[in-house]
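Single-structure report; data block below.
The values are calculated or read from the model by the stated rules, or taken from the named source; none is laboratory data. Fair warning: this is a prediction, and the values are worked out from it, not measured in the lab. Neighbour counts are summed over all protein chains in view; Cβ atoms, including those assigned to glycine, are modelled from backbone coordinates with ideal geometry.
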Amino acid sequence: MTDSARETGLPPALSRRSFLRRTAAGGFALSTAGSLASVLAACSGSTSPSSSSGKHTGGDLVFARIADPQTIDPSAAIDTESIWTCLLMYECLYTVTSNGHGTKPWLATGYELSSDQRTWTFHLRPDINFSDGSPLTSQDVKFTLERSMKGPNAYILSAVDGIDTPAADTVVVHTTHPWGPLLGDISMYSNAVLPNNLRGEKDAAFFQNPIGTGPFTLKSWTKGQSLVLTKNPHYWQPGKPHLDTVTFMTVPDSNTRVLQLRGGQADIIEAPPFSSVSNLQATSGIKVDLFPSTAVFFVQMNEKRPQFADMHVRRAISYAIDRNSIVKDVLFGHGQPGASIFSPAWPFYDASTPKLWYDPATAKQELAMSSYPKGFTTTYAVVAGDTVNGSIAQIIQANLKAIGITMNIQSYDPSTLNDLQVKADYDMTPAEATLDIGDPDEDVPAMITLKYGGIDSSYTWYNNAEMLKLTKDAELTVSPTARNSIYAKIQDMAAEQCPLVVLYYAPYAYAQQQTVNGFFVPPTGNYHLEDVTLS
Amino acid sequence: MGRGIYIIRRLLLVIPTAIGVTLVTFIMIHLIPGNPAVTMLGIRATPHNVALLDHQWGLDKPLWQQYWLFLIRVVRGNFGESLFYSAPATGIILSASAVTVWLIVYASVISVAIAVPLAVVAALRRDRFADHVVRAIPLVGMGMPSAWVAIMLILGLGIKLHVFPVGGLDPGIFGHISSLFLPSLTLALGIAPVLIRSLRSSLIDAIDAEYVTTARSKGIREYRVLVRHAIRNAIVSSMNILGLQIAWLISGTLVVETIFALPGVGALMVNSIYRRDFPVVQGITFLLAIAVILVNLATDIVHSFLDPRVRFE
C-alpha cells in the first residue's frame, strides 16, 4: 500500500496503530498530498550516509518513525511504536520466530508441560542480567506476569490462575484449562520482564530510568520529538548490540521521512510511500525492503443494519470488489489481494480456504438471493485526509454500483469515527488487524466473536455460536495439529459467512541507507536492532 | 489616558478573554464525539478498560466540575496531565512552544530583512524597471503555496547542495539557526510580499510628504532623509501589518512544522485534537489566545512609540 496507507489505512477498531497512523495522515497528509512523493522521488540527488566510519561496531542509528511512542511501560503499551520500543529494552521468555509462524525460547531455555496440560514449567537462561547488572530471577518473571494481568493487555493471560517460583531459575505457570496459545501469550510484549517490584520504585519514577534485559536502555525521551536508546553493557547475547545508540525521530509526514533519508539525516525510515518505492530503489545508496507482515486490511459492516445482517449481501459485496485494482492502483502493486481473515504470514494460515473473489455475475446472484435483490443505499466512512482508504473507497463505490448498491463516502476525524463504531452508528468502514505474537488467538476473538474479544466482532456485531465455539476450542487445544484443523474451519467459515470483507495484505515497508546492515523485520513488526551494524 | 494605564487595562482584559476562549474550547471539544479512552485503547477498548481510564482521567466527573478543576489548575500554572503521554501537559506544551516561537521570530526577522531593502529600492525607483520587478515578486510569492515552496527549498538547498538540513531540529543555538533556516525562510516568503507592498506604498507617500521636502531643504543628506524621516514614518503602518501577520503565524505554522518535521505547537495541537487529549488541547488554546492578545498589544505599543500622534483612549 502507499505510505499513507500505512499511516492512515489503519483501522479504527482493531489496533492502536491505526489511530496513530491515521492521526499522522489526518493531520499531515493534507499538507503534502500523495503526488508530491513521486516528485520527490523523481528528483535525483546523491545521499550522504550519516555514518561513514567504516567500522562495524558502534555508531548511532537514526531511525525516523511515523509516531511517537505513547509509553515505555510494556504492560500498558497498545500502539506499535510503544510496543517496538519496549521490546528493545525488555524481553519475554519466548519470542516470535522470524517467519511469524511460531515461538522460540528467548529468556527461557525451554519448558515442560504437565500431563494434564495445565502446568507449564519454564527454565530461565542462566546468564541473563538486567541493565543494572543484577541477575534475572524467577521472582522478576512472576512479578511481571502478575503486573501485566492488571493492565489493559490483561486478557492475554486470562487463562492463567497462578504463578509459582520453585527455584530462582524456574517459573511455573498454572492455567485454568489446557491452553493452546500460552507460549504465544508469554511472548506478548506486555509480558516482557521487568525487575521484581520495579526495584521498589513507583511506576512513574521507574520508567524515567527503566531497567530491563534488552539490548538497549533508555537514554532520553523528548516527547513528540525523539527517543534515544543506548547500548546495554550487560546484554546477554555475546558481542551484541553492535550499535552504541539508536535515535528514534518522530516524523509523521511520509514525504519528509523520504527527504530525510535522501538528505542523509536518517539511516532507516518507516513506511516510505509505496508510490515512491520504485524510485527509491533506483536511488544509489538507498535500499528498500518490503517485509511480509501480519497486517490484514478489511471492511467492517455493521450488522445492526438489516442489510448487513443478511449474509448474502455480505457475500455479494465480497464478490463485487475488484481487489486486483485496489492493489495495482492504490498500493502500486506492493501488496497482495486477499479474501481470508488470516494472511499467509499468520500461523495456521490455510491456503485452501475458499475465496470470494471479484466476480460481478456471482455478486449479482448473491444479491438476488438476499432480502435486497434490487440493492440499497449505504455509506462508507473513512478518515478525512486518508488518501489510501479514500481511493479504495472510490473503487469499492464503483464496484458496488455495478451490482446495484449505491454507496456514499463520508469522511470523519479518527476519534469521531471510532466513536461511531463503538455506538454502532455506521454502515461500512475500513479496518486492519495485525498480530504481535506467533498465535492467531491474539486477534481472532476480537475480530469475529461477540462479547468475547472485547470489541464485538470488530464492531460488526456478527454473532455466530459455532464460530465462538471454534474460537474457544482453538484456545483449549494444545496440540498444534489439532489447532491447525480448528483454525482451518474458522477460516473456511469466515470466508463463507463474510463477517469481514478482506481486501488485501500489505508488507511493512522500510527504506535504509546502504550503510545499514542486518536490519530485519519479522511479520509481527518488532525489529531486533541488536543485530544491526553500520558500515 | 496615559500609556501605562492603557497597558494595564489591556492586560486585565486578557483574563475574561482567556476564560471565554477556554470555556468555548472546553465545550466544543466535549461536544464533538470521540472518547480518548476508546481511541487510545483500540483493540483493547473493552468496556472495563474504558471505564478504568475514564475514572483515572477524571472524565467520569460532571462537565462543570471538570472545567472548574481545569481553571483551578491553570491558576496554579498547570494544565494537568496529558492523557496520551501520562506526563504533565505544561512541559509538553512549553517544549513545543519554544520551537514555534523560534520559528516565528526567525521568520519575522528574515521577512523584514527581505522586505525593507526591496521596498526601498522599489520606492526610490518608482515606475522604473526595478520597481516593476519588485512589484511582481509579491504576485508570484503569494501565488505559491508554502508546502510547495518548502519542498523546493528542501530539494535545492537541502538535498542538492547540502547547505541546510532537510528537516528536524538540531540542538543548540547554532543547530537551531541552521535547522530552522529553511522553515523560517518558507514562512518569511509567505509574509514578505504583503510587507513589501505596504512598505513600498507608504514609503512613496512619505517621500512625497512635505516633511521630507522640508528635511531636504534643510540640506540634510539624502541617505539620512530616507532613513530618519521617510522610512521611520513609513514603517509605522507596516508594523501593524507585520503584527497581524505574526498573530496569523502563531496559528499558521502547522504546514511548515509538518514538512520540516519540527515538533512545534501546530503539530501537537492537531495530534492532540485527534487523540482527544483534552488537557493539551485546552492548554494550547489558552496559551495561543494569550499570545495573540499580547502580540496585538505589543504591536499597538510599538506603534505608539513610532508614531507619537497615537493617543490611547
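General observations
- Single residue of region B:242-285 satisfying the filter (small (Gly, Ala, Ser) and facing chain A (nearest Cβ under 8 Å)) that is farthest from residue B:183 (Cα to Cα): B:267
- Test: residue A:492 is in contact with an Asp or Glu (Cβ under 9 Å, 6 or more places away or on another chain), over 30 Å from residue A:235 (Cβ atoms), of a type outside the set (A, V, I, L, M, F, W, C) and at pLDDT 95 or above: yes
- When residues of region A:399-440 are limited to those that are assigned to a loop (DSSP other than H, G, I, E, B) and under 30 Å from residue A:480 (Cα atoms), the one farthest from the other protein chains (Cβ to nearest Cβ): A:438
- Taken together, the residues in region A:353-375 that are under 21 Å from residue A:337 (Cβ atoms), small (Gly, Ala, Ser) and either in contact with a Leu (Cβ under 7 Å, 6 or more places away or on another chain) or in contact (Cβ under 8 Å) with a residue 24 or more places away in the chain (or both) amount to 1.
- All positions within region B:203-235 that are hydroxyl-bearing (Ser, Thr, Tyr), surrounded by 12 or more Cβ atoms within 10 Å (Cβ to Cβ) and under 36 Å from the mean Cα position of the chain (by Cα): B:211
- Filtering A:474, A:488, A:495 for residues that are in contact (Cβ under 8 Å) with a residue 12 or more places away in the chain, touching a strand residue (DSSP E or B) at 6+ places or on another chain (Cβ under 9 Å) and either of a type in the set (A, V, I, L, M) or not assigned by TED's automatic domain parsing to the domain that holds residue A:263 (or both) leaves a single hit, A:495.
- Scanning region B:236-254 for residues that are within 30 Å of residue B:267 (Cα to Cα), crowded, with 17+ Cβ neighbours inside 10 Å and aliphatic (A, V, I, L, M) yields B:239, B:241, B:242, B:246, B:247, B:249, B:250, B:254.
- Residue check for residue B:131: within 14 Å of chain A (Cβ to nearest Cβ) and among the acidic types (Asp, Glu): no
- Being away from every other protein chain (no Cβ under 14 Å), over 23 Å from residue A:522 (Cβ atoms) and without any contact (Cβ under 8 Å) to a residue 12 or more places away in the chain is a property that holds for residue A:282.
- Among residues of region B:65-80 that are surrounded by fewer than 12 Cβ atoms within 10 Å (Cβ to Cβ), those with a beta-carbon under 9 Å from a residue that is part of a helix (DSSP H, G or I) and among the β-branched types (Val, Ile, Thr) at least six positions away or on a different chain give the pairs B:77/B:90.
- Checked against (1) part of a strand (DSSP E or B); (2) touching a Ser or Thr at 6+ places or on another chain (Cβ under 7 Å); (3) of a type outside the set (A, V, I, L, M), residue A:525 meets all criteria but (1).
- Considering region A:258-279, and only residues there that are β-branched (Val, Ile, Thr) and within 14 Å of chain B (Cβ to nearest Cβ), the residue that is farthest from residue B:167 (Cα to Cα) turns out to be A:269.
- Residues in region A:218-244 that are under 14 Å from residue A:131 (Cβ atoms) and surrounded by fewer than 22 Cβ atoms within 10 Å (Cβ to Cβ): 10 in all.
- Only one entry in B:37, B:51, B:96 is crowded, with 19+ Cβ neighbours inside 10 Å, within 14 Å of another protein chain (Cβ to nearest Cβ), in a helix (DSSP H, G or I) and more than 29 Å from the chain's Cα centre (by Cα), namely B:37.
- If the condition is being part of a helix (DSSP H, G or I) and either aliphatic (A, V, I, L, M) or in the same structural domain as residue B:16 (by TED's automatic domain parsing) (or both), then region B:66-92 contributes B:66, B:67, B:68, B:69, B:70, B:71, B:72, B:73, B:74, B:75, B:89, B:92.
- Scanning region A:487-522 for residues being aliphatic (A, V, I, L, M), over 19 Å from residue A:317 (Cβ atoms) and part of a helix (DSSP H, G or I) gives a total of 2.
- The condition (being surrounded by 19 or more Cβ atoms within 10 Å (Cβ to Cβ), in a strand (DSSP E or B) and touching a residue at least 24 places away in the same chain (Cβ under 8 Å)) is satisfied by just one residue among A:122, A:143: A:122.
- Condition check for residue A:255: within 14 Å of chain B (Cβ to nearest Cβ) and either part of a loop (DSSP other than H, G, I, E, B) or modelled with pLDDT under 95 (or both): yes
- Residue check, residue B:22 touching a helix residue (DSSP H, G or I) at 6+ places or on another chain (Cβ under 9 Å), within 14 Å of chain A (Cβ to nearest Cβ) and surrounded by 14 or more Cβ atoms within 10 Å (Cβ to Cβ): no
- Checking every residue in region A:458-477 against the condition of being hydroxyl-bearing (Ser, Thr, Tyr), more than 30 Å from residue A:59 (Cβ to Cβ), within 18 Å of the chain's Cα centre (by Cα) and within 14 Å of another protein chain (Cβ to nearest Cβ) gives at least one match.
- Within region B:264-313, no residue satisfies the criterion of being within 29 Å of residue B:30 (Cα to Cα), part of a loop (DSSP other than H, G, I, E, B) and of a type in the set (Val, Ile, Thr).
- Residues in region B:134-182 that are among the charged types (D, E, K, R) and within 14 Å of chain A (Cβ to nearest Cβ): B:160, B:170.
- Scanning region A:465-520 for residues that are surrounded by fewer than 17 Cβ atoms within 10 Å (Cβ to Cβ), of a type in the set (S, T, N, Q) and under 30 Å from residue A:400 (Cβ atoms) turns up just one, A:497.
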